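Here is the structure we will look at.
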Amino acid sequence: RGPLGNPKRAMQNSSPWHLQRGLLAVAVGCLLLEAFGDQTCTRGQCPARVAYAHPSIPGLNPQRVAWLAQRGVNLQALEPFGARVTGLDLRKKPEEEVLQSLQEEMAARGFLVFADQGRLSGDDFVAASEFWGGRKIHSTHGVHPKAPNRHIFRLSNDQRQGILGVGPQWHNDGSFVEGTFSHAGYHIIEVPEGQGDTQFVHQGAAFEALSPAQQEQWQRLTSVNSNSGVLHPVVHQHPISRQKSVWLHLGMTGAVFETLPSEDEGRKLRLLEANEMTKLFTDYNNLLNDGFEAGYALSYSYRPGDCIFIDNLAIAHRASPGAHESPQKQGLRVLHRSTVQAMQPFAPLPPLPQVMNIQGPNPLGKGVWQGGGTGFVWDPFARMQN
């Protein structure tokens, strides 16, 4: 089976009780929706009353929603996570308390869709990106000739309009920098007539969907970026929500360290072997794909004027397969992306350093240590442009 998975596939590789609980919640939600729901509601675009999610995903904070509404900012929960924001023009910076409230909801729910923004200028989009996280744009990407400024990563299914083929596998932006990006922005410029979705997965809920044995082991793993040699934990505690979350780049990882349990007085560190890397990456990919049935993943269909900001430590994302289809088949798609500086270090487990020479010799002499490009190839048939 391919790495993109099938949202309808059987759950033979899924976790036990966490996932069963999530599936039960989704099943009950579907029955209620069929009986009482709005038949026009679509995945990723549903109001709060029909937002049935994995049990570990918090709902919108009602006091915060009411407080924002008094200031003309309206939040509506999406299914199964995220929220739509209306009544706020991103061209004008809101008061600090409003920004803080929205950022806290973003940390818990993963992303916010700021609706009806029209087409933001490049400068306006960059300025709005700096409302969040480290409050400073952090650009590391190539610049397409049609990008309005150097801070905007312009993506398209037409190479004359933007950069092609980006992001087919689950990932978080900025795995090659020490702090990684706190937030990322996605502003749709041209909405295709066909499939142009971005898919999101809630990584806190994904952690809860793991078996207890997997949770214990994955908390002892640290990934090494295949290009920069930067190290990041495979499981971390989110700095705002405090929720434990998984975090791994499927298209730019060259090694994974395991910190051995303290009772093992032999080697304190080891590098995963090729078969273990393949299993880890496959399990991670399956875990995130399982979210479509378990209530912690969605495929978001853009509307004209949408500007999305995500918490890059709370959710992973990828382009849907249809997003890369040719303009002749589905119409033109153009998306502007921005990335925001980290709020704090995203440090690995001790005693590992933040950066190692992935291009140099294997530090332990055994296990996978592969520098360059997309790193370890866990699936020879997977497209790995990230």
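Both radii are taken from the alpha-carbon atoms of the range 234-325; with Rh as the Kirkwood radius, Rg/Rh is 1.05. One chain, two ends: Arg135 and Arg242. Fully extended at 0.36 nm per residue, the span grows by 36.5 nm beyond their Cα-Cα distance. The packing ranking of peptides 343-356, 109-122, highest mean first, is 109-122, 343-356, where packing means the average number of other beta carbon atoms within 10 angstrom of each residue.
When the P(r) of the range 140-293 is calculated, the portion above 22 Å amounts to 50% of the C-alpha pairs.
Which pairs break 28 Å Cα to Cα here: Lys244/Lys268; Lys92/Lys329; Lys93/Lys329; Lys279/Lys329? Among Lys244/Lys268; Lys92/Lys329; Lys93/Lys329; Lys279/Lys329, the Cα-Cα distance tops 28 Å for Lys92/Lys329; Lys93/Lys329; Lys279/Lys329.
In loop segments of the range 46-124 as defined by DSSP, the GluC sites (Glu not before Pro) with at most 13 further C-beta atoms inside 10 Å of their C-beta are Glu95. Put a plus charge on the Cβ of each Lys and Arg, a minus charge on the Cβ of each Asp and Glu, and nothing anywhere else: the dipole of the range 113-256 about its Cα centre is then about 360 debye.
Each value in this text was obtained by applying a stated rule to the coordinates, not by laboratory testing. Fair warning: this is a prediction, and the values are worked out from it, not measured in the lab. Glycine also receives a Cβ, built like all others from the backbone with ideal geometry; neighbour counts cover every protein chain displayed.
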